[in-house]
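Asks: The structure follows.
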Amino acid sequence: MIDISVMESVPVQIDAVFARDVAEGLNRELKQLPTKYHYDALGSQLFEAICELPWYSITRSERRLLLEERDAIISHSSNPPAVIEMGSGSGEKVSILADRLNSMGRPTTIHLVDISKTALELGTQRLGRYPAIQVVRHELSYIEGLRAAVGTLRLDQPVIVLFLGSNIGNMNAETSVQFLHDVHTELRTGDRFLLGTDLVKPEPDLLAAYDDPLGVTAAFNLNLLARINRELDADFNLRQFVHRVLWNSRDSCVESYVVSQREQTVCITGADCCVRLVKGESIWTESSFKYTREQVRSLGSSAGFRVVDQWVESVSTFALTLFEVT
Ligand code: AVI
């Protein structure tokens, strides 16, 4: 961290990796900003709000499926499984399984993996109401956290790893295949992996989910520029950018952008660069991939998993797919 001062009394801590990623992305021919930087404190709250919007169905569909299928998900062995959730956020989804394990009187451990300390604290608090559940937190990236959690398990203890919320949808085809390979490598024979994926649906539904009429998703996206202003001492004028989404049917993803409303130059002092944007120029910020049921199954199979079961929520088309290491 380098310490600079924007105003005499307000020092700004510059995260060198964030600064480098922003400079690198904005200096590309097709400008882009890494998706993961949406999630500062305000961005995480805006995302929680998105999950409650009537147009964004992922969270509700997944919650319904987890409630309906939790017995099938957790009762494949006589020993209660340890649960590891990668990207646990506030722990809301894993608590659906915790609630069941607790009421069945099956004491076990739930490992929460997240890079956000705040998220881990929220998750621990939420799971604290279940006396049969011991919580272990891992403030690490997905795979590092998974490795750390698996490293604590007894050899005979079954485990179920969760990767929910269609988080995989924010990875491109190449990265998602590599990611599932990495998950598979960390697990042992008999271990299970539950993957939540949003499925392809009509284009108007997808566009409304990512460009809601209340403007919450627009705020979530534009907050990325506000974060760069705050943390990297930049001068994006948020009123000169708009949120735009499009459905890319060839790659099967919703693409999100912030689009410059006029010709302008933006300086990011903390990243030591200025960038020029023409009127109508887009900065890519996120892709949200949508799958068919078959694509999800073959994604897991190509990483070496066996498909155990797949449950589909038919109203808004969302899938939970359960895989096993053979
Ligand atoms: C976290 N992720 C799966 C969300 C998605 O659907 O791509 C992030 C999001 N972006 C806009 N709305 C929700």
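Asks: What's the ranking of 290-301, 104-115, 166-177 by average number of surrounding C-beta atoms within 10 Å, highest first? Kindly include the intermediate steps, with their values, before the conclusion.
Replies: Values: 290-301: 17.4, 104-115: 20.0, 166-177: 15.8.
Taking the mean over residues of other Cβ atoms within 10 Å, the ranking is 104-115, 290-301, 166-177.
Asks: For a test of the definition: using alpha carbon positions, the gyration tensor, and the 1.5 limit on a/c, classify region 170-254 as rounded, prolate or oblate.
Replies: The shape class here is oblate.
Asks: What shape does region 1-128 have by the C-alpha gyration tensor, where a ≥ b ≥ c are the square roots of the eigenvalues, rounded means a/c under 1.5, and otherwise prolate means a/b greater than b/c and oblate the rest?
Replies: Judged from the Cα gyration tensor, region 1-128 comes out prolate (a/c at least 1.5, a/b above b/c).
Asks: Here is a follow-up. Rounded to a whole number, what % of the accessible area of region 120-266 do carbon and sulfur atoms account for, probe 1.4 Å? It would help to have the intermediate numbers written out before the result.
Replies: Details: 3240 of 6630 Å².
Accessible surface attributable to carbon and sulfur in region 120-266 totals 49 percent.
Asks: A further question on this structure: Under 12 Å from the Cβ of L120, count the other residues' Cβ atoms, weight Lys and Arg +1, Asp and Glu -1, and hand me the total.
Replies: -1
Asks: Per 0.36 nm of contour for each residue apart, how much would the distance between T35 and V177 grow if the chain were fully extended, relative to their Cα-Cα spacing?
Replies: Gain on extension, T35 to V177, equals 49.3 nm.
Asks: Would you kindly state how much longer the chain becomes between R306 and T292 on full extension, computed as 0.36 nm times their sequence separation minus their alpha carbon distance, in nm to one decimal?
Replies: 3.3 nm
Asks: Sticking with the crude label model, points 7 Å out along Cα→Cβ, report the distance from L214 to R28 in nm, one decimal please.
Replies: Those two pseudo-labels are separated by 3.1 nm.
Asks: Roughly how many Å² is the accessible area per residue of region 148-263, as a whole number, for a 1.4 Å probe?
Replies: Values: 4870 Å² over 116 residues.
Accessible surface, normalised per residue, equals 42 Å².
Asks: State the Cα centre-to-centre distance between region 72-88 and region 28-50 in whole Å.
Replies: Region 72-88 and region 28-50 have Cα centres separated by 30 Å.
Asks: Helix-only estimate, please: 222 nm mean residue ellipticity of the chain, summing -39500 (n - 2.57) across DSSP H runs of length 4 or more and dividing by its residues, to the nearest 500. Could you put the intermediate results ahead of the total?
Replies: Numbers: 10 runs with 119 residues, N = 326.
Result for the chain, helices only: -11500 deg cm²/dmol.
Asks: Now for a different question. Taking the chain as a whole, which cysteines find no other cysteine Cβ under 4.7 angstrom from their Cβ?
Replies: Those would be C51, C253, C273, since no other cysteine Cβ in the chain comes under 4.7 Å of theirs.
Asks: Across region 310-326, in residue order, what do the Karplus-derived ³J(HN,Hα) couplings come to in whole Hz, using 6.51 cos²θ - 1.76 cosθ + 1.60 with θ = phi - 60° and x for Gly and Pro?
Replies: Values per residue, Gly and Pro as x: 9, 10, 10, 8, 7, 5, 10, 6, 9, 10, 10, 10, 9, 10, 9, 8, 9 Hz.
Asks: For a protection proxy built on the mean count of beta-carbon atoms within 10 angstrom, sort 120-128, 141-149 highest first, please.
Replies: 141-149, 120-128
Asks: Which order do D156, D198 take by accessible area at a 1.4 Å probe, largest first?
Replies: D156, D198
Asks: Between T185 and R147, what is the label-point separation in nm under the 7 Å Cα-to-beta-carbon projection?
Replies: For the pair R147/T185, the computed spacing is 0.8 nm.
Asks: Taking 8 Å as the Cα distance limit and 6 or more residues as the minimum spacing, I'd like the relative contact order of region 169-326 as a percentage.
Replies: Rounded, it is 32 percent for region 169-326.
Asks: Still on this model: Taking 1 over the mean of 1/r across every pair of different Cα atoms in the chain, what Kirkwood radius in Å do you get?
Replies: 21.0
Asks: With +1 on each Lys and Arg Cβ and -1 on each Asp and Glu Cβ, and nothing else charged, work out how big the dipole of region 245-326 is about its Cα centre, in Debye to the nearest 20.
Replies: 160
Asks: Could you work out how far apart the two model spin labels at V17 and K279 are, taking each label as a point 7 Å from the Cα in the direction of the beta carbon, and quote it in nm?
Replies: Label-label distance for V17 and K279, simple model: 4.1 nm.
Asks: Follow-up question, since we're still on this one. Percent of alpha carbon pairs in region 189-326 separated by more than 24 Å?
Replies: When every Cα pair of region 189-326 is considered, 48 percent fall beyond 24 Å.
Asks: Could you compute how much accessible surface W247 exposes when probed at 1.4 Å, giving the result in Å² to the nearest 10?
Replies: 50
The values are calculated or read from the model by the stated rules, or taken from the named source; none is laboratory data. This one's a predicted model, so the numbers in the text were calculated from it and none came from an experiment. Note that we place each Cβ from the backbone using ideal geometry, even for glycine, and neighbour counts take in every protein chain shown. Only protein heavy atoms, including side chains, enter the accessible area calculation; ligands, DNA and RNA are left aside. Shrake-Rupley method; radii C 1.70, N 1.55, O 1.52, S 1.80 Å.
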